[in-house]
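Please see the structure below; I have some questions.
Only the coordinates and a few stated rules stand behind these numbers; no lab work does. Worth saying up front: this structure is predicted, and the values here are computed from it rather than measured. Quick reminder, even Gly has a Cβ in these numbers, built from the backbone with ideal geometry, and neighbours come from all protein chains shown.
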Amino acid sequence: MAKWWVIFIADIFWKSTVKSRWSASRGERQLLYDADQLVVRICHSQRILHQSTSRVTFTYVQDFTSPYDATVVHLLRKARAVVMGKTNLDEFGMGSANIYSTFGPVYNPHDLGKGQGLGSPSERRVAGGSSGGSAAAVASGMCFATRTNWSACVIQIMVVCRLQTTPIWSTSSILFLCRPYITGALGSDTGGSVRLPASYCGIVGFKPSYGRCSRWGLIAYANSLDTVGLLARTVRDAEIVYDIISEHDDRDPTSMPIDIKKHVDAIAPGFESITGDLEDLTGLRIGIPQEYFVSELAPAIVQLWRDGIAHLRDRGATIVPVSMPNTRHALSAYYVLASAEASSNLARFDGLRYGHRSDKGSFKNDTLPYADTRTEGFGPEVRRRIILGTYVLTAGSYKNYFLQAQKVRRLVQEDFDHVFLFPNPVHHHPLPTDTSSGVHVLLTPAAISTAPKMQDCFPSADETSNAKNPVDAYVGDVMTVPASLAGIPAIVVPFGASPLDGYPIGLQLMAQYGDERTLLRVAATLE
Ligand code: GLN
């Protein structure tokens, strides 16, 4: 009997200390949750959910469970992450406020810190879109890492991962409470879906270069723009998750091949200061694009942008005003191109192959309820995009809209190539860059305002009034879409709050294609 006790105690000791330490020393990425702890964490999240009234909808088994994992999820699982739940987002990632979801809107967790109570729901602020559920979950400490609409079009899935290497001496449940964890998330960023919610919720939102992370398993919105993005509490957390998921994947034809990756990394080696001090930015050149001073920018945002410039200058960076003249056309080009691609991608949701099927009429004979199926199955914003996208692709308007937008996209890309110090590593004939005036990164605001009120985001039902048109909401993306059109990496870092309403404001950094290291390095100094 004593022998069995010895084995039992040795086994516990092995599992709780030696094995963990051994595996901790083998690599950076460890999972320290077992199934019971995971349940604890989920319950805990739900409790926060009720307390905060932040309407992040946890839909663990809502209608659909994906039969397979997206590549990035597979990579996270390989790094010992655990899929934990699903959060809310705008349908098919279309929206900037997370108000177009079957499950209802997501409120901004910062509403809770305002002291004067939560007021009426319409007075409350949005969390931003489309990945508002993930952003609210990260900002309110509900989760460690989350991901968005992989394999399921209207839901996001939260995963937990825990990364630490220090020795483990206590039982794992104590570890759960006291050890440092990654606080971060994954999302998809087509035109700012991760960066805008990050700015509104006061967290980090990172969009890597197009092709860096596999999109296999992600429902396509606009293929030429879609990227996997990350939501995190700190830049370091975002970087750790990025390192895990930025692997080449044969199943995504746009995934950066290994030889190109090496070439890109060689051209963009990242900025290092001579002193080795991470806070020292001497030698770094930061561009301030004049065209981002749009009339819609709130004064508080302009002030924070100025503070950000001063902050980086104080650390030794050289501030360079730059001009990117085609920026003003980027927003309209984005909405033409994204809608066109979406209208084509969403054609598969016809009730025959995928998606909701209307029970009006039957699929036999001539009574195919195709229109009913799509009218019932898609929400208003998605229908609007499909109609817009189909229109710009029709023979009569293709040249005037779609082709023009493609040309604008090329000009926006060239604007970026002109101002960066390094040539674009994936262009066969890179534009000559001006090494005397070129910059390592660009600094802009992430949004034109703090999180808007929910009531200001819903379009007016009265179409005759001068009140908001649904398309007015698109202007909120003006700071984020240029980087998406150019496919370059961009990151949003929280940088203070508005003195008027106390809601967070984020600053955005953008770098040349493939230069994530410099971007993350500079972003960390803004924290
Ligand atoms: N707000 C933008 C749109 O609706 C971007 C959304 C996204 O990045 N998924 O297209």
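Using the structure shown, select from Lys78/Lys261; Lys78/Lys207; Lys262/Lys407 the pairs with a Cα to Cα distance greater than 24 angstrom. Walk me through the numbers before you get to the answer.
Values: Lys78/Lys261 21 Å; Lys78/Lys207 22 Å; Lys262/Lys407 30 Å.
Long pairs (Cα-Cα over 24 Å): Lys262/Lys407.
Work through the residues other than Gly316 whose Cβ is under 10 Å from its Cβ and net out their charges, Lys, Arg +1 and Asp, Glu -1. Before the final figure, lay out each step's value.
Details: positive: Arg313, Arg315; negative: Asp277, Glu279, Asp280, Asp314.
Overall, the nearby charge balance is -2.
Taking K and R as +1 and D and E as -1, what net charge do the other residues with C-beta under 14 Å from the C-beta of Asn326 add up to?
On the way: positive: Arg328, Lys407, Arg409, Arg410; negative: Glu291, Glu414, Asp415, Asp417.
Around Asn326, the surrounding residues sum to 0.
On to the next question. Report the calculated FRET efficiency for Thr318 and Val475 (r = Cβ-Cβ distance, R0 = 22 Å), to the nearest 0.05.
On the way: r = 32 Å, r/R0 = 1.44.
It comes to 0.10.
Expected output is a single nm value to one decimal: the length gained when fully extending between Leu352 and Lys453, i.e. 0.36 nm times separation in residues minus the C-alpha distance. What is it? Let's see the in-between values first.
Details: separation 101, 0.36 × 101 = 36.36 nm, distance 3.91 nm.
Length gained, Leu352 through Lys453: 32.5 nm.
Ok, one more. May I ask you to order 194-202, 212-220, 259-267 by the average number of other C-beta atoms within 10 Å around their residues, highest value first?
Numbers: 194-202: 33.6, 212-220: 23.3, 259-267: 14.7.
Result, highest mean first: 194-202, 212-220, 259-267.
For Gly287, enumerate residues with amide H under 5 Å from its amide H, sequence gap 5+ or separate chain, H modeled in the peptide plane.
For Gly287, whose amide H was placed from the backbone, the distant partners under 5 Å are Val320, His440, Val441, Leu442, Leu443.
Follow-up. Would you order Asp280, Asp472 from fewest to most other beta-carbon atoms within 10 Å of each residue's own beta-carbon?
On the way: Asp280 16, Asp472 13.
Ascending number of Cβ neighbours within 10 Å: Asp472, Asp280.
If we count every other residue with Cβ under 10 angstrom of Thr227's Cβ, Lys/Arg +1 and Asp/Glu -1, where does the sum land?
On the way: positive: Lys207, Arg212, Arg215; negative: Asp189, Asp226.
With Lys, Arg at +1 and Asp, Glu at -1, the neighbours total +1.
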